[in-house]
Ligand code: NAD
Ligand code: WQD
């Protein structure tokens, strides 16, 4: 019998790609999502890619009784991948309570159900945001976490701590937190990808929407940083590579090869790219010209960060494989598919 995995936030951007990788690795997947930032048709598109329709339950994970009813119904779940969260950094500054309530209550309902229904394993979506602007680069897992810049970032730090304490106190449970750097790109089928609601906050969706003519111009936020070309540096990780890290983490938990019952790993490429390097790589790989303008800095942005991925490479045996050109091309193919551009 296939091992059954619960993927919360499974119709979202990273969740949907992970469902595909899990199914292709032979897992039976159940998605829970309340569709607050995704669409039910994602389930159809996952089925088009894999030929297997994941089970889908639509409810809000902040509702404690609904979570308990779910685990009462699905008794075979062996592990959880918990993606479901609100993630807009700027919005979290103006709506802190909504962010704390959604992200922390959902997590605690899930952990409580793990304890009460005997589900032993969880993989959690954390973020490089927990490092803030580090003093030394690249960042390793022993780089100290810094106080979060935003309520969103704070929910990730607090969630990591809650999971660590829960694992310490609860026999038979194990967790892996994956600290993602900047996920970008889309599935090569162009059937699933990132679908931001309204004006995108993140760089790559803004680039692809500008290339598609939906936005007039990309604003490059600042070229006076202390970096080689003056624009900020990030570690952009292909979403399919990132999704595969989840399959590896799930296997590690299921076969008990984890070295502690709470572990955390950086998931990036190990390579930093500046905004202008990324813009130029997009133009080169797609052949599409991009209208952009250098403007002032965006408040709250950090200057540079990229990952030391040695721990994930050596301990998980996982490594990012796709290069930036094919990743940006995949993002562009997805945008073209969504907009009906030939
Ligand atoms: P996303 O918004 O596309 O997916 C999250 C999904 O969770 C959505 O489908 C949403 O409808 C669902 N959801 C939110 N709250 C819910 C609730 N209370 N009950 C049920 N469903 C709920 O986001 P994503 O980019 O796929 O991110 C997935 C996870 O990875 C999040 O935890 C995010 O914080 C984390 N992360 C994302 C990035 C990034 O840049 N995309 C970087 C680091 C970490
Ligand atoms: C990347 C670079 C911008 C848009 C955010 C969250 C972080 C994590 C990943 C979840 C920056 C520049 C952007 C634009 C631009 N998410 N930019 N013009 O800020 O690294 O991280 O997403 O955990 O927590 O903060 O990603 O894609 O917004 O920006 O010049 O229109 O692109 O200034 O240097 P960021 P991003």
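Worth a mention:
- Taking region 215-311 and the strands (runs of 3 or more DSSP E) fully enclosed by it, the elements with 2 or more residues that are over 18 Å from residue 135 (Cα atoms) and more than 15 Å from ligand 1 (Cβ to nearest atom) are at 218-221, 262-267, 292-295.
- A single entry from 242, 253, 218, 178 fulfils the requirement of being out of contact with any helix residue (DSSP H, G or I) (no Cβ under 8 Å at 6 or more places or on another chain) and crowded, with 20+ Cβ neighbours inside 10 Å: 253.
- Checking each residue in region 278-303 for being within 9 Å of ligand 2 (Cβ to nearest atom) and under 30 Å from residue 142 (Cβ atoms) picks out 278, 297, 298, 300, 301, 302, 303.
- Residue, surrounded by the fewest Cβ atoms within 10 Å (Cβ to Cβ), within region 158-172, restricted to residues that are touching a strand residue (DSSP E or B) at 6+ places or on another chain (Cβ under 7 Å) and within 17 Å of residue 259 (Cα to Cα): 164
- Exactly one residue among 26, 12 is in contact (Cβ under 8 Å) with a residue 60 or more places away in the chain and either on the phi > 0 side of the Ramachandran plot or within 16 Å of ligand 2 (Cβ to nearest atom) (or both), and that residue is 12.
- Test: residue in region 192-199 that is closer than 30 Å to residue 291 by Cβ, free of Cβ contacts under 8 Å to residues at least 12 places away in the same chain and assigned to a loop (DSSP other than H, G, I, E, B): yes
- Here 29, 43 are screened, and the one residue that is more than 25 Å from residue 118 (Cα to Cα), surrounded by 15 or more Cβ atoms within 10 Å (Cβ to Cβ) and in contact with a strand residue (DSSP E or B) (Cβ under 6 Å, 6 or more places away or on another chain) is 43.
- Note on region 57-96: residues that are closer than 16 Å to residue 14 by Cα and crowded, with 19+ Cβ neighbours inside 10 Å amount to 8.
- Any hit, region 132-140, residues being crowded, with 18+ Cβ neighbours inside 10 Å and part of a strand (DSSP E or B): yes
- Unique match (being outside any loop (DSSP other than H, G, I, E, B) and surrounded by fewer than 17 Cβ atoms within 10 Å (Cβ to Cβ)) among 315, 335: 315
- Among the candidates 115, 101, 145, residue that is surrounded by fewer than 20 Cβ atoms within 10 Å (Cβ to Cβ) and in a loop (DSSP other than H, G, I, E, B): 145
- Checking each residue of region 48-58 against the condition of being more than 24 Å from residue 167 (Cα to Cα) and either in contact (Cβ under 8 Å) with a residue 60 or more places away in the chain or not assigned by TED's automatic domain parsing to the domain that holds residue 164 (or both) gives at least one match.
- Index of the failed condition, residue 210 passing every other in (1) at negative phi; (2) out of contact with any helix residue (DSSP H, G or I) (no Cβ under 9 Å at 6 or more places or on another chain); (3) outside the structural domain of residue 278 (by TED's automatic domain parsing): (3)
- Flag for residue 79 being closer than 23 Å to residue 187 by Cβ, in contact with a helix residue (DSSP H, G or I) (Cβ under 7 Å, 6 or more places away or on another chain) and either in a helix (DSSP H, G or I) or within 16 Å of ligand 2 (Cβ to nearest atom) (or both): no
- As for region 165-175, it holds no residue that is in contact with a helix residue (DSSP H, G or I) (Cβ under 9 Å, 6 or more places away or on another chain) and within 12 Å of ligand 1 (Cβ to nearest atom).
- Residues satisfying the stated conditions in region 328-342, i.e. over 17 Å from residue 289 (Cα atoms) and either touching a helix residue (DSSP H, G or I) at 6+ places or on another chain (Cβ under 8 Å) or in contact (Cβ under 8 Å) with a residue 60 or more places away in the chain (or both): 334, 337, 338, 339
The values are calculated or read from the model by the stated rules, or taken from the named source; none is laboratory data. These numbers come from a predicted model, not from an experiment. Note that each Cβ is placed from the backbone with ideal geometry, even for glycine, and that neighbours are counted across all protein chains shown.
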